[in-house]
Structure formats: structure tokens, C-alpha cells
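The structure under discussion appears below in the form of C-alpha cells.
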Amino acid sequence: MTQDGVQPLRIDTSRPHPARIYDYLLGGTENYEADRRAADELAAAAPEVRIGVRANRAFLHRAVRYVVGHGIRQVLDIGAGLPTAPNVHEVAQESAPEVRVAYVDNDPIVAARGSALLSRSGTTSITLGDVRDPRSVLEHPGVREVIDFGRPVALCLVAVLHFVTDAERPARILAALRHALPAGSFLVLSHATGDFADRSAAQAVYSKATAGLHLRSRAQIERFFDGFEPVEPGLTQVPFWRPDAPPPPRSGEIGFYGGVARKTG
Ligand SMILES: C[S@@+](CC[C@H](N)C(=O)[O-])C[C@H]1O[C@@H](n2cnc3c(N)ncnc32)[C@H](O)[C@@H]1O
């Protein structure tokens, strides 16, 4: 315990963790030997993965600009990842400085590093939480202090649900989160897929990590949007969702689908 009675965060650096593998692939420095080895194996198995993670991140930025452009002033970003410039609140606040962002992640290192980003004004928070327990995420004081569920929210589940197994019932998770969102809210979601290439070698790398990689088909991922109205162009490979620049090379091989949808009723 620390002096203020808070349990210190325990960070296991011996096993690769999705947040730190992703950070390394994005060129970040918040990673350890085990993460770097796993990421290098991943890049050897799927050479376009470095382009893929950047394209996924760029999708997140475009989607955040889109929802802010459509009136959203609160973002709940679950599976937020390590701080990576620009972060979601920085992108959102470029056009609307009053946007409030609650970040949630189940990696203690994300919570530890992310707390450095917190604004004193209470407009951003970072919470250690697990998407597989949506109720505790929704009720967490760290989320409640930033998000008012009486007003529209953009829920970001970007590159996180592929760490949830079918047995953990992702549709149940989506239903609980959707239920908490008022009409006018948005879902921003991306997910890894094996639709464009055999990804069994990548899955083998994640089998040694703290969470396995559960690839899903387009049809399976589309079901996560049940109860929402898709925004044009619907679910696409991430570089093709409302691009603002020419798609990167090998875009057709990128194994991430992404889409945005609105809760209308
Ligand atoms: C690939 S990163 C994506 C980061 C960010 N959303 C993005 O797309 O740039 C996946 C993140 O999800 C987090 N994560 C994995 N399983 C999770 C869970 N069950 N609950 C919450 N976060 C989780 C990881 O710690 C990691 O930070």
C-alpha cells in the first residue's frame, strides 16, 4: 500500500502484453524485452503489421474527428493503449476543447503512464478496468467523474475486442455498453481479422502473451454493431474508412476492419 492507501500497480514485464507489443510496433518506448521479441516475431510472420497498426491508429483519429464533428463532447475509450501522440483527447480537443475523455485499459502500465496526461480540470481520466466486466467499467468513479451518461457519448472499442474470446461473450459486453448509451451516441470499433491473409502465425505469437488474438470475420464483427445505425461507408478495412490521404501501400492486406455507427433509439 502507498501512504494514501492505494494498492501499488504490479507490472509483469516477463510476458508480452498487447499494449506494449502495440506500442513497440508504433515506434513507442513503453515496452520490455518480452514485448519487443513478440512484436518482432509478429512482424516476421505478418510483415504488413507495422503499416496495419498505424492505419488502425489513423482510423481512430479520423473517427474521433468525425464524431466530434457530429456534436460528440464525451468519449469513453476502452482498451485505450499506452499514451501515443496524438492521443484521443488531443485529437478531439483540436476542434472542441471542451471534449471530455475517459480512458480505460486493463494493463496497469497504461494506467500508470496515462495518469501523466490527466488534466487538472477533470476533463480526462484514466481507469484500470476490463472490458469483459462492462458494468464495473460503467460504474467506476474514474469513468463517472468524466462521462455523463445522460448525454451522447462516443464509445471507442478500437483494436480491443479481438482480445476477448467467444466464451467471454463479446455480444453480451456490447449489449451492456450499448444499454448505457443514450440516443445520439456513437460506437467506434475496429477489430483484427484473418479475412485477407492466414494469420495463424500471428495468433501463435499472442498465445504466449497475456491475452490471445481472436480473429473474426467481417460478418462476425458486423454483429457487434447490432442496435446501431452504420455511418457510411460501413465496416471497411481501416485505411478505407473515410480516408483523408491516399491509402498506405499494402492496404488491401491490412487485417483490421473498422467502422462507426450511431445509436438512434
Ligand atoms: C492494440 S491496443 C489498441 C490501443 C488503442 N485502442 C488503439 O487502437 O490505438 C489494445 C489495447 O487493449 C487493451 N486490452 C486488452 N484486453 C483488454 C481488456 N480485456 N480490457 C481492457 N483493455 C484491454 C490492451 O492493454 C491494449 O492497451
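Given a cut-off of under 8 Å on Cα pairs at least six residues apart, what relative contact order in percent is computed for the range 137-260? Display every interim value, and only then the final one.
Details: 166 pairs, mean separation 34.6, N = 124.
With pairs under 8 Å counted, the relative contact order is 28 percent.
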- Note on the structure: Contact order relative to length for the range 18-262, counting C-alpha pairs under 8 Å separated by 6 or more residues, stands in percent at 20 percent
- Amide H neighbours of residue 186 under 5 Å, counting only residues 5+ apart in sequence or on other chains, H built in-plane at 1.01 Å? 153, 154, 155, 263
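Could you compute the FRET efficiency for residue 219 and residue 253, with r as their C-beta to C-beta distance and R0 at 25 Å, rounded to 0.05? Don't skip to the answer; put the middle values down first.
On the way: r = 20 Å, r/R0 = 0.79.
Given R0 = 25 Å and the Cβ-Cβ separation, E is 0.80.
Counting only helical runs of four or more DSSP H residues, what would the 222 nm mean residue ellipticity of the chain come to if each run contributes -39,500 (n - 2.57) and the total is spread over all its residues? List each step's numbers first, then the result.
Working: 10 runs with 90 residues, N = 265.
Counting only the DSSP helices, I get -9500 deg cm²/dmol.
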- Message: Helix check for the chain. Which DSSP H runs span at least 20 Å along their own axis by Cα, with a mean Kyte-Doolittle hydropathy no less than -0.5?
- Response: 49-69
- By how many nm would the segment from residue 139 to residue 196 lengthen if fully extended, with 0.36 nm per residue of separation less the alpha-carbon distance? 16.7 nm
- Query: Roughly how many nanometres apart are two label points built 7 Å out from the Cα toward the Cβ at residue 90 and residue 40?
  - Reply: 2.8 nm
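Based on the Cα coordinates of the range 18-262, what is the per residue volume of their convex hull in Å³? Working shown, then result.
Values: hull volume 27.6 nm³, N = 245.
In the range 18-262, the Cα convex hull volume per residue is 113 Å³.
Readers should treat all values here as calculations from the given coordinates under stated rules, not as data from a laboratory. Owing to the predicted nature of the structure, the values given are computational and were not obtained by experimental measurement. When we count neighbours, we look across all protein chains shown, and the Cβ atoms used for this are built from the backbone with ideal geometry, even at glycine.
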